């Protein structure tokens, strides 16, 4: 009986160790995919996020390959990564989940890359909260696309968050309302441990982990890529 209990304990520990390693792999993979999405979007000639929007951004959040919903769909959800400007540059990445929402674009696609550009302090406050809803708690609008944003300031004034999507190679501003955004606590614990909060990461109190290098490099280089298109 003791041998059986010991074997079960060893198996349980092995399973927990494998799960922890798998979580780390998945989280690192999400950072790398988010970096690739941002590079590809910013490098797209005449179709990326305008450099003025990047310059104006308080925070940038990326959800690589968001799971599809249905026809002109209510999205099922996905997991992403965000960073915010601090006095010392861009913060370490914080992990979040997004669920629900009514989409006005991308009919019948298998997956969507989502980018959210938080434009002002109010939008940043919502992101730092434990949970908020696009279109209800925080105003959101489809962002302008191209080399440069329009000379008028509508894109600055009309929304706290600009949203973009890419599906099957097509990149465009996206209307997304009703989606809930909340911290991805499991991924936060995997990378930072149990005592680090979503807010402390995004406000610059926590140093970036080594696996965030590619993602933060993509964020730092986003404006230069936009300007060189």
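Can you tell me which residues in region 200-216 are in contact (Cβ under 8 Å) with a residue 12 or more places away in the chain and more than 15 Å from the chain's Cα centre (by Cα)?
203, 204, 206, 207, 208, 209, 211
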Here the residues within region 80-99 that are touching a helix residue (DSSP H, G or I) at 6+ places or on another chain (Cβ under 7 Å) and not in a strand (DSSP E or B) are 91, 92, 93
When region 175-191 is examined, which residues are found to be touching a residue at least 40 places away in the same chain (Cβ under 8 Å) and outside any loop (DSSP other than H, G, I, E, B)? 176, 177, 180, 181, 182, 183, 186, 187, 188, 190, 191
Residue under question is residue 76, and the condition is that it be modelled with pLDDT under 75, over 16 Å from residue 214 (Cβ atoms) and in contact with a strand residue (DSSP E or B) (Cβ under 9 Å, 6 or more places away or on another chain); does it hold? yes
Of the conditions (1) farther than 16 Å from residue 216 by Cβ; (2) surrounded by fewer than 19 Cβ atoms within 10 Å (Cβ to Cβ); (3) in contact with a strand residue (DSSP E or B) (Cβ under 8 Å, 6 or more places away or on another chain); (4) at pLDDT 90 or above, the single one that residue 109 does not satisfy is (4)
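The values are calculated or read from the model by the stated rules, or taken from the named source; none is laboratory data. Bear in mind the structure is a predicted one, so any value in this text is a computation, not a measurement. Please note: Cβ atoms are built from the backbone with ideal geometry, for glycine as well, and neighbour counts cover all protein chains shown.
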